[in-house]
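Read the structure below first, then the notes.
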Amino acid sequence: MLKHYLISTLRRLGRAKGFTAINIIGMSVGLTGSVLALLLVRYELSFDKYHERLDRIHLVVNRSVSASGKVDHQPWLPLPLGPELLATSTEIVRSARLTLGEVIVHGGSGSFEEDILFGEPYLFEMLSFAVIAGDPVAALAQPDGLVMTRQSAMKHFGTVDLIGQPVSLTTEAGRREFRVLGVVENPPAQSTLQFQMVLPLQAWLTYTTRALNWNASNTHILVETAGPVGKFDLTDTFLAILLKNRSDRAPVTDQGEIPTGRRYWNLSLLPFVEAHLSPQYASGLLQPVDPQNLMILAGFAAILLIIAIFNFMLLALGRLQSRFKEVGVRRVVGANGADLTAMFMGEVLLTALFALGISFLILELTLPSFNKLLGRDLALTTATDLGFWASLLLLVGILVLAAGLYPARKLASLQPVQALHGIDPSNPEKRSIQLGVILQISLTIIILVAALVINKQMKFIQEQPLGFNESQVVLYKIATEMDELPLWSQRLKEVLSRDSGVQSVAKVSYSVNRGWNRLGWRDNAGKPWRALVKDVDEDYLKTMEIALLSGRDLAAQDGEEAMLVNEAFVEAFGLDEPIGYVLDGFAGDADRDPTIIGVFSDFHFFSLRSEVAPMILWKNPAEYYQYLLARIAADDVSGTLQRLGDSWKRAAPGIPLNYNFLDEDIQALYIQEQKLQAVTRGAAILALTLSAMGLLGMATIEISRRTKEIGIRKVLGASVPEIMGLLSRRMVVSSLLANIIAWPVAWIVMQKWLGSFAYRIELGPGILLGAASLALLVSLLTLGTLAMRAATANPVDSLRYE
Amino acid sequence: MLIQLIDIEKYYQTGAGKTFVLRNINLEIDQGEFVSIMGPSGAGKSTLLHILGVLDDPSGGSYLLDGHEVSSLSDKHRGELRREMIGFIFQAYHLIDELTVYENIETPLLYRKVKSAERRGMVSDILDRFQIVGKKDLFPAQLSGGQQQVVGVARALISSPRLLLADEPTGNLSSKEGETIMGLFKELHEAGTTIVQATHSEANAAWADRVINLQDGWIT
Ligand SMILES: Nc1ncnc2c1ncn2[C@@H]1O[C@H](COP(=O)(O)OP(=O)(O)OP(=O)(O)O)[C@@H](O)[C@H]1O
Ligand SMILES: [Mg+2]
């Protein structure tokens, strides 16, 4: 029986090649998208799962609420909070502070810069990183201990057999010797924490100065709880700690109320397993994904699949009549309804399996570039887990049932005699077909709106004036010991400035988006202040082309008492006359009275998702500038860079030449968005193509059904445009009606997506109308070519066709 | 008694009222009888045969087939009746276009779940009997009308039905081909098969034991 069905199905599919192709291509595109989404979502959901004590590991996080009620999510915390938590709470049994840093490794084959982690011993006890040699816990307990991964060990020494090996490293604190006391496997790709080397926290310069400072937030804190959280409540612990050490940030006042008129902190535990899906806590170390973007991707995949389902179902319904005779005959020879349903569903299953095979082929071919785009290593072959295949099975099952069940029931419920005579009983399909077409077009419009909105928003963000001119600015890193920075930053600044291709050079503590200190203090009158503070020299505004709005710029003779603030600072603290304002008590030092000498215009240095914060620029009294920003002339950029490189090497042979363009740094801030944009564009094109293919099929059916009518009308004198109009009318109406469904859905979803950007486009009628016209245009073009052919055909031919 | 029709009527809902196709049909056919139904075009012959073949439901009245009330049977039971008991031959042949001659004839056996080896034997036998072995791999579109009808007959007879219903089986055939089919019916009849055929032709009708005249849905 199976063979019989298989043979007749294959013959039938082979006979209607066009329709079969539409169905198989549609389903395979839908399935490919779904499998990709499935792989990706499963991948992102299984981060950090390998840690044995995962259910007890948490990140301490801070939801800081401003006086106006705005919530700021911070993974950064004061350094002393770590030990204080251990000391105060019996429920917290381990804690590890950790932060990102950079070192220069002086290895056998030269000096390399390396991103590293500063961390505490418990890190390797709480998390399950496989140990190859030595004891990473003990390593971080030593002031000169060092943990390397297999990869960095192999890179610098060509072996993992390194225990006891001295390694010379330059940190901010200077160059000194460390000993390799632990070698671990590379962190898995699905690990939130990525590192090459881990140094003890004490080796971090900031730690040596801020270990006891509650006013600066510059570390991540991981804790292990005695049991899974939920059994106990740490609210009181956090409150007690804040009341003791930062009462000005306590979430309750002395009267036990939620404070008004000042910022307060809500400390809480974020399960480590959720860190990867908590974009609000993004930092250099934590690079979470936005679940909303994952949902958008999954949504695209679902829409593609649904369009494919609609295509299949509509074409099947449209061609139902061609099956009537066969169904009638099978009835006569003894088939019952269940037999017929099974037969038709078997056909759908066969089509779906063909499509699945093709989509596996497509996946094999496209996964590498998709992985490259997303920075992931998704693979079909490693997806050996049962869950994946079960979900895939479920997916195919849903596809087959959704696409086939309705037409199958229609066929199976036909009366044998009606079937034999080819009678369409009540003809309700006409209405359901039209409804289906409308739904399908509306899905296409939804995807189009999404693609247009995402595209426009990304363009907006990238074209948004950042408040400075990021092009033609080169960022040089001065990788040397802290003590030598004042000397080398000045000397190299002079070297670079001397070149004719260089317009100006500024010394800065860090690149644009890093090296900002978050400071909070109270002035002598008790008023709370907070700002992002960065160390720059007097050429910073000029080099970055940031506008000075009032007052004067920093000058060579200015010291640490002169400060520039931004507009947001002036606004946030309500300074009527900012110039000359004395910031007494700055950074908690009652003896200092720095003065505001100028106001510069706001500029963005994080992604435009967030608003501009109050900022202060001042000169670093110790001249610890790690970077040089050089603005170079637009002509002969490569020549200038070449010359600058040569001069650098001559002037400072011991400092590796290390530079990159500022605009590249800026682009990197939007990498997630750019990925999303690329994926959206692809999905939109596929959706449009699929639904055009479906409409093409529908139009073919419609026109062949009306061939005779068209012939008669032409004989009666109808013109070609009249007939085209006749044939297109239903399609136009469907396309227009589709908007009624599509617009509200698309509007709500995309409005929500836009909500996560502080700076965003207006979702106006333009985009909705644009998507609608695009969909209408494509359906008209599709239909038009066919209708044109039908309308211009010789009427006698079409009548004879009968 | 194999067939008993009591006050069978059939009408279609048209516009304002009902259009009657069959009225007040009372008819009994015994096991082993050969009956012809005659009447002008539109008299309702096909409709009556469809009802007898459990392909259509009467609008009223009662149909007992082998003692069972057909209208109370489920879809599954009807399928069973059709495949186990009834063979149907159409004037328009009604072969499945995507299937070869062999496969068309084999189809009823598939629904009866006959084992593959046995099936092969049965189809070969009947191909032999109708001398169409050479055509077994052709598709219906590659056959003449007469040849297609032979296949239709072979398909109806493959399961050796107790009741053979034929709706103008010779309508599209030459008189010689018609003759052959009637001869075949005679043989089947002698072997005990109950046959009901609808026909326009007096000559064909005469092969039967009994002729029933149908006029505007009435038996006259
Ligand atoms: N679905 C239907 N709706 C309305 N009327 C129908 C329908 N099917 C059949 N009829 C009518 O029923 C009547 C009987 O048709 P039937 O096919 O049984 O006649 P017949 O005796 O077999 O004629 P012929 O000798 O031409 O085959 C005809 O008048 C026909 O128009
Ligand atoms: Mg008839």
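The values are calculated or read from the model by the stated rules, or taken from the named source; none is laboratory data. A quick note: this is a predicted structure, and the numbers were derived from the prediction, not measured. Neighbour counts are summed over all protein chains in view; Cβ atoms, including those assigned to glycine, are modelled from backbone coordinates with ideal geometry.
Restricting region B:1-12 to residues that are away from ligand 2 (no atom under 16 Å from the Cβ) and either within 14 Å of another protein chain (Cβ to nearest Cβ) or not acidic (Asp, Glu) (or both), the residue that is surrounded by the fewest Cβ atoms within 10 Å (Cβ to Cβ) is B:MET1.
Go through region B:1-28 residue by residue and tally those that are of a type in the set (D, E, K, R) and more than 16 Å from ligand 1 (Cβ to nearest atom).
The total comes to 2.
Across region B:110-160, the number of residues qualifying as closer than 21 Å to A:LEU6 by Cα and exposed (fewer than 14 other Cβ atoms within 10 Å of the Cβ) comes to 7.
So, A:PHE19, is that one in a loop (DSSP other than H, G, I, E, B) and closer than 30 Å to A:LEU394 by Cβ or not? Don't jump to the end; show me each part of the working.
Working: in a loop (DSSP other than H, G, I, E, B): no; closer than 30 Å to A:LEU394 by Cβ: yes.
Judged against the criteria, A:PHE19 is not a match.
Rundown of residues vs (1) over 22 Å from A:LEU776 (Cβ atoms); (2) at pLDDT 80 or above, yes/no style:
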{"site": "A:GLN677", "(1), (2)": "yes, yes"}
{"site": "A:SER691", "(1), (2)": "no, yes"}
{"site": "A:SER704", "(1), (2)": "yes, no"}
{"site": "A:SER734", "(1), (2)": "no, yes"}
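The single condition from (1) over 30 Å from A:TRP488 (Cβ atoms); (2) surrounded by fewer than 17 Cβ atoms within 10 Å (Cβ to Cβ); (3) in contact (Cβ under 8 Å) with a residue 12 or more places away in the chain that A:ALA687 fails is (2). Taking (1) crowded, with 18+ Cβ neighbours inside 10 Å; (2) assigned to a loop (DSSP other than H, G, I, E, B); (3) over 25 Å from the mean Cα position of the chain (by Cα) in turn, A:ASN469 satisfies each apart from (1). For region B:118-130, does any single residue satisfy the condition of being in a loop (DSSP other than H, G, I, E, B), within 21 Å of the chain's Cα centre (by Cα) and either facing chain A (nearest Cβ under 9 Å) or within 24 Å of B:GLY178 (Cα to Cα) (or both)? Yes, some residue in region B:118-130 is in a loop (DSSP other than H, G, I, E, B), within 21 Å of the chain's Cα centre (by Cα) and either facing chain A (nearest Cβ under 9 Å) or within 24 Å of B:GLY178 (Cα to Cα) (or both).
Determine if region B:64-86 includes at least one residue that is within 16 Å of ligand 1 (Cβ to nearest atom) and in contact with a helix residue (DSSP H, G or I) (Cβ under 7 Å, 6 or more places away or on another chain). No, region B:64-86 contains no residue that is within 16 Å of ligand 1 (Cβ to nearest atom) and in contact with a helix residue (DSSP H, G or I) (Cβ under 7 Å, 6 or more places away or on another chain).
Can you confirm whether B:GLY42 is on the phi > 0 side of the Ramachandran plot, within 19 Å of the chain's Cα centre (by Cα), part of a loop (DSSP other than H, G, I, E, B) and within 16 Å of ligand 2 (Cβ to nearest atom)? Criteria met by B:GLY42. Restricting attention to region A:491-535, the residues that are modelled with pLDDT of 85 or more, among the aliphatic types (A, V, I, L, M) and within 35 Å of the chain's Cα centre (by Cα) total 6. Which members of region A:662-676 meet the condition of being polar (S, T, N, Q) and surrounded by fewer than 18 Cβ atoms within 10 Å (Cβ to Cβ)? Correct list: A:GLN667, A:GLN674.
Given the options A:PHE324, A:PHE344, name the one that is touching a helix residue (DSSP H, G or I) at 6+ places or on another chain (Cβ under 9 Å), more than 20 Å from A:LEU399 (Cβ to Cβ) and of a type in the set (Phe, Trp, Tyr).
Working: A:PHE344 fails: more than 20 Å from A:LEU399 (Cβ to Cβ).
Sole residue among the options that is touching a helix residue (DSSP H, G or I) at 6+ places or on another chain (Cβ under 9 Å), more than 20 Å from A:LEU399 (Cβ to Cβ) and of a type in the set (Phe, Trp, Tyr): A:PHE324.
Looking only at region B:29-58, filter to residues that are more than 14 Å from chain A (Cβ to nearest Cβ) and within 12 Å of ligand 1 (Cβ to nearest atom); which one of those is surrounded by the fewest Cβ atoms within 10 Å (Cβ to Cβ)? Once the filter is applied, the top-ranked residue is B:SER41. Counting residues in region B:176-196 that are surrounded by fewer than 20 Cβ atoms within 10 Å (Cβ to Cβ), of a type in the set (Ser, Thr, Tyr), within 12 Å of ligand 1 (Cβ to nearest atom) and away from chain A (no Cβ under 14 Å) gives zero.
Name the single residue that is nearest to the chain's Cα centre (by Cα) among those in region B:163-220 being among the aliphatic types (A, V, I, L, M), in a loop (DSSP other than H, G, I, E, B) and away from ligand 2 (no atom under 16 Å from the Cβ).
Just the residues of region B:163-220 that are among the aliphatic types (A, V, I, L, M), to begin with: B:163-166, B:173, B:181-182, B:184, B:188, B:191, B:195-196, B:198, B:203, B:205-206, B:208, B:211-212, B:214, B:219.
Okay, now just the ones that are also in a loop (DSSP other than H, G, I, E, B), so B:173, B:191, B:206, B:208.
Still in the list and also away from ligand 2 (no atom under 16 Å from the Cβ): B:191, B:206, B:208.
On the way: B:ALA191: 17, B:ALA206: 18, B:ALA208: 15 Å.
This residue is B:ALA208.
The single condition among (1) touching a strand residue (DSSP E or B) at 6+ places or on another chain (Cβ under 7 Å); (2) surrounded by fewer than 20 Cβ atoms within 10 Å (Cβ to Cβ); (3) farther than 19 Å from A:ALA216 by Cα that A:ASP55 does not satisfy is (1). Listed by first and then second residue, the pairs linking a residue in region B:134-161 that is of a type in the set (Lys, Arg) to a residue that is buried (at least 20 other Cβ atoms within 10 Å of the Cβ) and assigned to a loop (DSSP other than H, G, I, E, B), with Cβ atoms under 7 Å apart and 6 or more places separating them unless they lie on different chains, are B:LYS136/B:THR100; B:ARG155/A:VAL333. Apart from one condition, A:GLN202 fits all of (1) modelled with pLDDT of 90 or more; (2) more than 23 Å from A:VAL93 (Cα to Cα); the exception is (2). Taking the criterion of being within 14 Å of chain A (Cβ to nearest Cβ), within 16 Å of ligand 2 (Cβ to nearest atom) and either more than 15 Å from the chain's Cα centre (by Cα) or of a type in the set (A, V, I, L, M) (or both), would at least one residue in region B:144-151 satisfy it? Within region B:144-151, not a single residue is within 14 Å of chain A (Cβ to nearest Cβ), within 16 Å of ligand 2 (Cβ to nearest atom) and either more than 15 Å from the chain's Cα centre (by Cα) or of a type in the set (A, V, I, L, M) (or both). Hey, among the residues in region B:13-28 that are loosely packed, with under 11 Cβ neighbours inside 10 Å and assigned to a strand (DSSP E or B), which one's farthest from ligand 2 (Cβ to nearest atom)? Among those that are loosely packed, with under 11 Cβ neighbours inside 10 Å and assigned to a strand (DSSP E or B), it is B:GLY17.
Being closer than 30 Å to B:VAL54 by Cβ and more than 16 Å from ligand 2 (Cβ to nearest atom) is a condition met by no residue of region A:354-361.
Filter region B:155-172 down to the residues that are of a type in the set (Gly, Ala, Ser) and within 12 Å of another protein chain (Cβ to nearest Cβ), then identify the one that is farthest from ligand 1 (Cβ to nearest atom).
Restricting attention to region B:155-172, the residues satisfying the condition of being of a type in the set (Gly, Ala, Ser) are B:156, B:159-160, B:166, B:171.
Remaining after also requiring within 12 Å of another protein chain (Cβ to nearest Cβ): B:156, B:159.
Details: B:ALA156: 18, B:SER159: 25 Å.
Among those that are of a type in the set (Gly, Ala, Ser) and within 12 Å of another protein chain (Cβ to nearest Cβ), it is B:SER159.
Scanning region A:583-599 for residues that are among the hydrophobic types (A, V, I, L, M, F, W, C), in a helix (DSSP H, G or I) and surrounded by fewer than 19 Cβ atoms within 10 Å (Cβ to Cβ) turns up at least one hit.
Just one of the listed residues (A:GLU52, A:GLU44, A:GLU84, A:GLU102) is in a strand (DSSP E or B) and not polar (S, T, N, Q), namely A:GLU102.
Scanning region B:65-97 for residues that are in a loop (DSSP other than H, G, I, E, B), surrounded by fewer than 19 Cβ atoms within 10 Å (Cβ to Cβ) and at the interface with another protein chain (Cβ under 9 Å from one of its Cβ atoms) gives B:SER74, B:ALA92, B:ASP97.
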